[in-house]
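First the structure, in the form of structure tokens, and then the observations on it.
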Amino acid sequence: MNGFGDVKGGKIEGTGHPNGTPNPTHNANGDRIDNVDVPKVKEPSSVSEFMRQEDLAFDMYGTFKKLKNDTSDITRNTGWKESDIQQIKDHLLFEKHKFDSGEIKSFDPNYQQALAWERLMKGNYNKNDILFLNHELFESKYMKKYGVTYEKAHAEAQKKYNWSDSVYE
């Protein structure tokens, strides 16, 4: 036991997150998500496209910070515990984190994460969005438990829930 669930042979036993959170096979719209390939996203190919995505992510994060029902919507849509969804929201949008550089700051908005959060709220999420929730919850709990930097916690989260490589080409 490592504080995050039973680990056997390097794999976490059970479905979903080790805390018992479900790993849904269908999204809230009834679309099957567990056996569908989700196309990977290419990094922006130009500075203007990068800036457009940055601006959109910034605006979306600003909207998410003001929302009061997004966590309950995601809970209803996914079956996850609202306390876990709230922990993820706080981790992504509000909390300040230690970085290897010594800097302490909130995360910069991330366009793909903003799109995932939006899909989760609307109920049309895909399997990578569930992987995203698992990754962020693990990362948040790891940082709190061990007091490590974001980079260390992210590396550990990637070992268990490799969202970045599942999303980006």
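Observations, loosely collected:
- Scanning segment 100-109 turns up no residue that is charged (D, E, K, R), farther than 23 Å from residue 49 by Cα and surrounded by 14 or more Cβ atoms within 10 Å (Cβ to Cβ).
- Looking across segment 90-131, the residues that are over 12 Å from residue 64 (Cβ atoms), at pLDDT below 95 and either assigned to a helix (DSSP H, G or I) or of a type in the set (Val, Ile, Thr) (or both) come down to 111, 112, 119, 122, 127, 128, 129, 130, 131.
- Considering 137, 131, the condition of being closer than 15 Å to residue 167 by Cβ and either of a type in the set (Val, Ile, Thr) or within 10 Å of the chain's Cα centre (by Cα) (or both) is satisfied by 131 alone.
- Restricted to segment 81-94, and to residues there that are more than 17 Å from residue 114 (Cβ to Cβ) and free of Cβ contacts under 8 Å to residues at least 60 places away in the same chain, the residue that is surrounded by the fewest Cβ atoms within 10 Å (Cβ to Cβ) is 83.
- Subset of segment 39-66 that is touching a residue at least 40 places away in the same chain (Cβ under 8 Å) and in a loop (DSSP other than H, G, I, E, B) - its residue that is nearest to residue 127 (Cα to Cα): 40
- Residue within segment 35-46 that is within 17 Å of residue 118 (Cβ to Cβ), over 18 Å from the mean Cα position of the chain (by Cα), at pLDDT 65 or above and of a type outside the set (A, V, I, L, M, F, W, C) present: no
- When 52, 76 are screened for being farther than 21 Å from residue 166 by Cα, more than 14 Å from the chain's Cα centre (by Cα), surrounded by 14 or more Cβ atoms within 10 Å (Cβ to Cβ) and among the basic types (Lys, Arg), only 76 passes.
- Top-ranked residue of segment 132-169 - restricted to ones that are among the polar types (S, T, N, Q) and part of a helix (DSSP H, G or I), ranked as nearest to residue 87 (Cα to Cα): 140
The values are calculated or read from the model by the stated rules, or taken from the named source; none is laboratory data. Keep in mind that this is a model prediction, so the values were computed, not measured. Heads up, the Cβs are rebuilt from the backbone with ideal geometry, glycines too, and the neighbour counts pull from every protein chain shown.
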